[in-house]
Amino acid sequence: MALTHALITSALLSWLLTIGLAVAVWALARQVGLLHQRLQPVGALSLGKAIKAGEKAPVFELPSLNGGSVQLGGGDRNERLTLLFFLSDSCPVCKQLLPALRSIRDQQRAQVRVVLASDGDEKTHQAFISAQRLHDFPYLLSREVGMAYQISKLPYAVLIDAHGTVVAHGLVNSREHLDSLFEAQIHGHASMQALRAAEQADSALFQQVH
């Protein structure tokens with residue numbers, strides 16, 4: 001009888017502990033959700049020092065590893081934006097963003113040209129192109145392009161307008177960061193940070209006036 005009572009008590013305590021843990025997990029998940037709603041996306045973090053938004057992009061005409069040549073800067077005769085994406089064959093985040101780059105290219109082919117850029121050993125990059133199926137992208141292998149934009153961290157993206165002007169750039173770690181470059185460009189800012197700063201300044205001015 002005593003053994004049965006002990007088993008029942010143990011089972012009840014186990015159930016109470018399980019219910020308590022479930023409630024704690026639910027409460028934590030709710031707080032995380034509320035925090036996520038309150039935080040605005042930062043967007044691509046602008047790190048480049050050599051080239052600033054509003055300046056003319058350096059002009060290059062270079063061969064693509066996938067054939068043909070690629071012109072950067074100086075304007076686009078097809079009136080398209082150029083998304084210049086700096087990557088490395090050894091960068092895991094770069095590889096994770098390749099589907100997003102394909103999606104941008106396929107959905108906005110008439111408005112956006114996606115160009116990949118890197119440096120290093122040509123054979124290594126040819127193998128990378130084959131492994132990741134990147135044959136349909138313009139692919140530049142040029143140390144000079146990276147130096148012109150002073151790229152120190154990857155992946156990094158630069159958005160150039162049809163007139164050859166850098167309109168936005170930044171470190172990108174997600175599809176949202178890539179999209180933030182286009183959003184910042186639409187609103188006339190160099191980055192999402194600049195857009196948020198302008199919004200905060202406008203809000204502060206409004207509060208002072210009223």
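Read-outs: derived from the displayed coordinates by stated rules, not from any lab. Note that the coordinates shown come from a computational prediction; the quantities given were computed from them, not determined experimentally. Because the Cβ atoms are built from the backbone with ideal geometry, glycine has one as well, and the counts that use them run over all protein chains shown.
Observations, loosely collected:
- Some residue of the stretch 129-141 being surrounded by 19 or more Cβ atoms within 10 Å (Cβ to Cβ) and more than 18 Å from Gly73 (Cβ to Cβ): yes
- With a requirement of 2 or more residues that are of a type in the set (A, V, I, L, M), under 17 Å from Arg102 (Cα atoms) and in contact with a Phe, Trp or Tyr (Cβ under 8 Å, 6 or more places away or on another chain), the strands (runs of 3 or more DSSP E) lying completely within the stretch 123-183 that satisfy it span 156-160.
- Residue tally, condition part of a helix (DSSP H, G or I) and touching a residue at least 12 places away in the same chain (Cβ under 8 Å), over the stretch 71-101: 7
- For the stretch 98-112, taking the residues that are of a type outside the set (Gly, Ala, Ser) and in contact with a helix residue (DSSP H, G or I) (Cβ under 8 Å, 6 or more places away or on another chain), the one that is surrounded by the fewest Cβ atoms within 10 Å (Cβ to Cβ) is identified as Val112.
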